[in-house]
Amino acid sequence: MVISSSIERRVWFITGSSKGLGRALAKTVLEQGDTVVLTARNPELIQDLAASFPEHTLAVQLDVTKPEEIQQAVKQAITKFGRIDVLVNNAGYGILGAIEEVSNEGVRRQFETNFFGVLEVLRNVLPYMREQRSGHIVNISSVGGFVGYAGTGIYNGTKFAIEGISEALAQEVTPLGIKITIVEPGAFRTEFVTGSLVIADNEIQDYETVIGEMRQGAQDILDNKLEFQEPGDPKKAALAIIKAVNSNNPPLRLVLGEDAISAINAKLESVKTELDAWKEVSVNTAFDELVGSST
Ligand SMILES: NC(=O)c1ccc[n+]([C@@H]2O[C@H](COP(=O)([O-])OP(=O)(O)OC[C@H]3O[C@@H](n4cnc5c(N)ncnc54)[C@H](OP(=O)(O)O)[C@@H]3O)[C@@H](O)[C@H]2O)c1
């Protein structure tokens, strides 16, 4: 039975609501009066939130690597609330290690969650949003979805892939009334480093000088020898995401944190510098009669 289809009380569907950014967002959205489909691999971790807002939540089990659970969770959401207004693809984890150090299986596992999980969830939700001719899909990427870093290349690959499909999807669904926002957080104080970071165990000595310090830092945090104070406040990230969703003109990219802004600015500048420096070579690759015709 559909118990709420009111446009004013929007229905959010958030993956990875158990902790970190997903939980902070779910809690803030509920406090502001909207409805949330809380999803988690272990539903026990969302029972407290569901119990605090019994009328406006649905708690469902969802591992984004399991297509049958995705279908089931979306179906349950539609059965209960009749619509999904905002989908937040938040669930994800990181893998630390040089490109050569991460096993094939580790790479595939990382893409299963961070890329294929997102793809599968949004492809299950899109038919309903197309039918509604409205909706907003928020894909949680990272500053690492715009800038690649030694030691997190596989994670970067998953997040760059998210950015690619999100840009294309925005062009495909804007005419259908559906909005897309890619969120690019810098470092936020969640359980990401302590609970969602896998360190590749196939260490190759040659990479020690480039990523050794990063690996040791992560290990020290896991061993409680070092406390990493990420500057980002998850509650404020939640408020920023809600502000973007509430906007009449939401951004395609929402960058969160000064650290992310400066890394992205540096990348934009370096891309522009290199583009200009190699322009002559670039444009001279057209057939002779066409060189310069598109500038
Ligand atoms: N924190 C940062 O500095 C930062 C920066 C940039 C981007 N991000 C991105 O922000 C998102 C949230 O991360 P976080 O910082 O909030 O980390 P977190 O506190 O560790 O939370 C990660 C969430 O993802 C869920 N998850 C992981 N694999 C899943 C799967 N297969 N199916 C369903 N849920 C799964 C976890 O659920 P369980 O409880 O079941 O483990 C948890 O709810 C991620 O996409 C991450 O890449 C974070």
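Some points to look at:
- Per-residue surface analysis assigns ARG123 an accessible area of about 150 Å², computed on protein heavy atoms at 1.4 Å probe radius.
- Net charge, ASP85 excluded, C-beta distance under 14 Å - Lys, Arg +1, Asp, Glu -1: +4
- Solvent-accessible area of GLU112 with every protein chain in place, 1.4 Å probe, in Å² to the nearest 10: 80 Å²
- If you look at the Cα atoms of the range 11-274, you get an Rg and a Dmax of 18.3, 56 Å.
- Unit charges at the beta carbon, dipole of the range 184-295: most positive-side option, ILE242, VAL291, ALA187: ILE242
- Accessible area of the chain divided out per residue, in Å², using a probe of 1.4 angstrom: 53 Å²
- Å³ per residue enclosed by the Cα convex hull of the range 79-128: 86 Å³
- Percent accessible area from carbon and sulfur atoms, the chain, protein chains only, probe 1.4 Å: 52 percent
- Lysines whose Cα lies under 30 Å from that of LYS225, excluding same-chain neighbours fewer than 8 positions away: LYS19, LYS159, LYS235, LYS236
- Summing charges over all other residues whose Cβ lies under 12 Å from the Cβ of ALA98, with Lys and Arg as +1 and Asp and Glu as -1, gives -4.
- Within the range 188-260, the chymotrypsin sites (Phe, Trp or Tyr not before Pro) that combine a DSSP coil assignment with at most 15 other C-beta atoms in a 10 angstrom radius are PHE228.
The values are calculated or read from the model by the stated rules, or taken from the named source; none is laboratory data. For clarity, every value in this text was computed on a predicted model and none was experimentally measured. Every residue, glycine as well, gets a Cβ built from its backbone with ideal geometry; the counts of neighbours run over all protein chains shown. Please note that ligands, DNA and RNA were not included when accessible areas were found on the heavy atoms of the full protein model with its side chains. Shrake-Rupley method; radii C 1.70, N 1.55, O 1.52, S 1.80 Å.
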